[in-house]
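Quick notes on the structure that follows.
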Amino acid sequence: MLATKSRKISLKNVVILLAAALIACWLILLAGINAFVWYEVRDMAHQQPDLSITPIPLSDNRLADLSIGQIISANQYDFRVPWLKLTARRDFNSITALSFEDHISVLASDTGFMPDTLSLWRIRGDKNLNLMRKTLGENAIRSNYDLTAAAMQSTPSKASLFYSKARNVGILTLVELKGLTLLSETNETIHPIAFGNWKGFEVSGDDKVQHRVRLVLFNREDQHIELLLKVPSATADTELSQPIINAIVASIHFKGSPDASPAQPAANVPPT
C-alpha cells in the first residue's frame with residue numbers, strides 16, 4: 001500500500017515537473033521572440049537614423065498668394081503651384097509627373113497609388129483587426145491618418161526588452177511604416193500640416209543637390225494622396241518656402257467636388 005502511494009506521489013511529481021518544464025520552455029520561447037523583435041527595431045535604428053525624429057509644429061502657418069501661378073490638373077484633383085513654365089508632363093495610372101523650368105519637379109499621386117492599409121486589415125477579418133488593435137492600440141486603427149500619425153510619433157528607442165511581445169511588435173510595425181514615408185536625407189524634418197480640406201504630414205530633406213518635400217495628406221473621408229516636390233537646394237528658400245507649401249496644400253480640390261474652386265489664401269504672402 002505504501003509502495004502504491006509512493007508511486008502515485010512520484011507520478012504526480014513527474015507530471016508537475018513536466019508541466020513546469022513546458023511552461024519554462026514556453027516562456028523562454030516568448031522571451032526569445034521578444035528579444036528578436038527588439039533586436040530588429042534596434043537594428044533599424046542603426047540602418048536608418050532618421051527614424052528617431054518626430055513631428056514638430058510648423059514655424060510658419062501663412063499662405064502664399066499663388067494667384068500668379070497656375071492650376072495643375074492631376075488625374076483626380078487640381079492644385080495650384082507658383083511656377084509658370086511647365087516643360088514636361090507624364091500621366092500614369094495613379095501618378096502625374098510634372099517638370100518645370102529651373103529644375104523643379106512635382107509627383108502627384110492619386111488615392112489608388114498607396115494601399116488602404118486599414119481596409120486590407122479589415123478584409124482579413126475581425127481576428128486580424130483585433131490583433132492590430134492589441135499590438136498598435138485603439139487610436140492607431142481609427143483611420144489611415146491616425147495610423148500614419150502613430151507611425152510618425154514612433155521611434156526605435158520606444159522598444160524595450162521589458163515590454164510584452166505584442167507591444168514591441170506594435171512598435172516594430174509602426175517604425176516600419178514610418179520608414180516607408182521618410183526620405184532618408186540629411187537635415188530631415190517632419191511637420192504636421194493642415195490646410196483647406198487636407199491634413200497630414202510634411203517630410204522634408206536635403207541631399208545638397210535637391211531639396212525634397214513629401215506631403216502625405218488625408219481628407220475628411222480618409223482618402224490618401226501624396227505630393228513629392230523637388231527644387232534645387234540653392235533656391236529652396238525662395239522656390240519652395242513654407243508659405244508656398246501651405247498654399248499648395250490649401251489649394252487641393254477633388255474634381256467635381258462642391259468646393260472645387262481653388263482656395264484663396266487666408267493671409268496673402270508673396271511667394272518670394
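Looking at segment 240-247, can you tell me whether even one residue there is farther than 23 Å from Ser67 by Cβ and either without any contact (Cβ under 8 Å) to a residue 60 or more places away in the chain or under 17 Å from the mean Cα position of the chain (by Cα) (or both)? Explain how you work it out, then say what you get.
Within segment 240-247, the subset farther than 23 Å from Ser67 by Cβ is none.
Within segment 240-247, not a single residue is farther than 23 Å from Ser67 by Cβ and either without any contact (Cβ under 8 Å) to a residue 60 or more places away in the chain or under 17 Å from the mean Cα position of the chain (by Cα) (or both).
Test each condition in (1) closer than 29 Å to Phe254 by Cα; (2) of a type outside the set (Gly, Ala, Ser); (3) surrounded by 20 or more Cβ atoms within 10 Å (Cβ to Cβ) for Lys199 and report the one that comes out false. Exception for Lys199: condition (3). For the condition without any contact (Cβ under 8 Å) to a residue 60 or more places away in the chain and hydroxyl-bearing (Ser, Thr, Tyr), Ser109 does not qualify.
The rows are residues; the columns are (1) of a type in the set (Phe, Trp, Tyr); (2) part of a helix (DSSP H, G or I).
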| site | (1), (2) |
| --- | --- |
| Tyr163 | yes, no |
| Ala166 | no, yes |
| Val169 | no, yes |
| Gly179 | no, yes |
| Leu183 | no, no |
| Ile190 | no, no |
| Ala194 | no, no |
| Gly200 | no, no |
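Quick one: in segment 44-90, of everything that is among the hydroxyl-bearing types (Ser, Thr, Tyr) and not in a loop (DSSP other than H, G, I, E, B), which residue is modelled with the lowest pLDDT? Out of the qualifying residues, it is Ser52.
Residue check: is Thr173 part of a helix (DSSP H, G or I) and either more than 17 Å from the chain's Cα centre (by Cα) or under 27 Å from Lys255 (Cβ atoms) (or both)? Write out each step before concluding.
On the way: part of a helix (DSSP H, G or I): yes; either more than 17 Å from the chain's Cα centre (by Cα) or under 27 Å from Lys255 (Cβ atoms) (or both): no.
For Thr173, the condition - part of a helix (DSSP H, G or I) and either more than 17 Å from the chain's Cα centre (by Cα) or under 27 Å from Lys255 (Cβ atoms) (or both) - is not met.
Just one of (1) among the small types (Gly, Ala, Ser); (2) at pLDDT below 90; (3) surrounded by 14 or more Cβ atoms within 10 Å (Cβ to Cβ); (4) farther than 18 Å from Ile252 by Cβ fails for Gly112. It is (4). As a summary of the residue check, Asp146 satisfies the conditions (1) closer than 22 Å to Leu58 by Cα; (2) in contact (Cβ under 8 Å) with a residue 12 or more places away in the chain; (3) among the acidic types (Asp, Glu) except for the one numbered (2).
The values are calculated or read from the model by the stated rules, or taken from the named source; none is laboratory data. From a predicted model like this one, the values you see are computed outputs, not experimental measurements. Don't worry about glycine lacking a Cβ; one is built from the backbone with ideal geometry, like all the others, and counts go over all protein chains shown.
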